[in-house]
Amino acid sequence: MQKFFADISNIVDGRIHLEGPDVNHIKNVLRMKPGEDIRVSDGRGKTYLCCIAGYEDGKALLDILKELDTDTELPSEIVLFQGLPKGDKMDLIVQKAVELGAARIVPFAAKRSIVKLDKKKEEKKQARWQAIAKGAAEQSGREIVPEVGHLLSYAEALREASGLDVVLIPYELEEGMEETASVISSIKPGQSVGVFIGPEGGFEEDEIAAAREAGARIITLGKRILRTETAGLTTLSILMYHLESGRHSL
């Protein structure tokens, strides 16, 4: 059963007034009728089983049947700091990062970032990425809609990451898979983790030096050089498996 998100202000006295494009999707694409059940989250960790009461003034009126006991979020906050890539690669990165459990995605401009965005283009892109994050959260059964932040400089991104427990930077010139495995295995559920991924062309050496000075752990993802849209998703997959395995004792 697909999940949808409702603004918490639209949940009143046991009824959800669902608005926006989701109403058209539910009514005209899924062709759901009054009396059918649907899952809706408030985007803050609560998910409800609802019954469609009807459609009115462009809204779907949903009666809450019960709050569901769900467990789809990772036991740690994972923040993906993504060096701004070319073209539409960020669309894919946002979508898959949400599916893999990222709590936030923060784009940043590195020295080798080719794309330059003015304020107007940045706002348009950020709104698009946020919409993609919402769709991916609905599709993957997330309890929250991860935030896609505004574009930061690299220095600003490092400062924002300073409040996290662990910061990882995969770097193609780094060696030592055993050390990388040790770093990742030391991460405990409940710790917040930042993952920095460079744009096409990777990081400059002085950017890596600045990250080391800020306390980041430089890791390797193996002998092959991964594209920017692959490196972050690989790291998130590794973290997802590590954290979920520890929680469920697989």
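Selection of region 94-128 for residues being touching a Pro at 6+ places or on another chain (Cβ under 7 Å) and at pLDDT 95 or above yields Val98, Ala102, Ala103, Arg104, Ile105. For region 170-190, state whether one or more residues are open to solvent by less than 60 Å² (accessible area, probe 1.4 Å), touching a Leu at 6+ places or on another chain (Cβ under 8 Å) and closer than 25 Å to Ile8 by Cβ. No: region 170-190 contains no residue that is open to solvent by less than 60 Å² (accessible area, probe 1.4 Å), touching a Leu at 6+ places or on another chain (Cβ under 8 Å) and closer than 25 Å to Ile8 by Cβ. When Glu138, Glu204 are checked against the criterion of being out of contact with any helix residue (DSSP H, G or I) (no Cβ under 6 Å at 6 or more places or on another chain), of a type in the set (Asp, Glu) and surrounded by fewer than 15 Cβ atoms within 10 Å (Cβ to Cβ), Glu204 stands alone in meeting it. For the residues Leu65, Leu61, the requirement of being over 28 Å from Lys96 (Cβ atoms), in a strand (DSSP E or B) and open to solvent by 30 Å² or more (accessible area, probe 1.4 Å) singles out Leu65. Only a single criterion out of (1) more than 20 Å from Met240 (Cα to Cα); (2) surrounded by fewer than 18 Cβ atoms within 10 Å (Cβ to Cβ); (3) of a type in the set (D, E, K, R) is not satisfied by Glu73, namely (1). Within region 228-250, the residues that satisfy the criterion of being more than 19 Å from Thr180 (Cβ to Cβ) and more than 19 Å from the chain's Cα centre (by Cα) are Arg247, His248, Ser249, Leu250.
Of all residues in region 10-33, those satisfying the criterion of being without any contact (Cβ under 8 Å) to a residue 40 or more places away in the chain and open to solvent by 80 Å² or more (accessible area, probe 1.4 Å) are Asp13, Pro21, Asn24, Lys27, Asn28, Val29, Arg31, Lys33.
Conditions (1) under 18 Å from Gln139 (Cβ atoms); (2) within 23 Å of the chain's Cα centre (by Cα), marked per residue:
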residue: Met1; (1), (2): yes, yes
residue: Phe5; (1), (2): yes, yes
residue: Asp22; (1), (2): yes, yes
residue: Val29; (1), (2): yes, no
residue: Gly35; (1), (2): no, no
residue: Val40; (1), (2): yes, yes
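Just so you know, in region 129-158 the residues that are among the charged types (D, E, K, R) and either in contact with a Cys (Cβ under 7 Å, 6 or more places away or on another chain) or modelled with pLDDT under 95 (or both) include one that is farthest from Lys89 (Cα to Cα), and it is Glu143. Among the residues of region 34-50, those that are within 16 Å of Asn10 (Cα to Cα) and loosely packed, with under 13 Cβ neighbours inside 10 Å comprise Arg44, Gly45.
The values are calculated or read from the model by the stated rules, or taken from the named source; none is laboratory data. All of these numbers come straight from a predicted model, not from anything done at the bench. All Cβ positions, even for glycine, are placed from backbone atoms using ideal geometry, and neighbour counts span all protein chains on display. Surface areas here come from the heavy atoms of the whole protein model, side chains and all, with no ligands, DNA or RNA. Shrake-Rupley method; radii C 1.70, N 1.55, O 1.52, S 1.80 Å.
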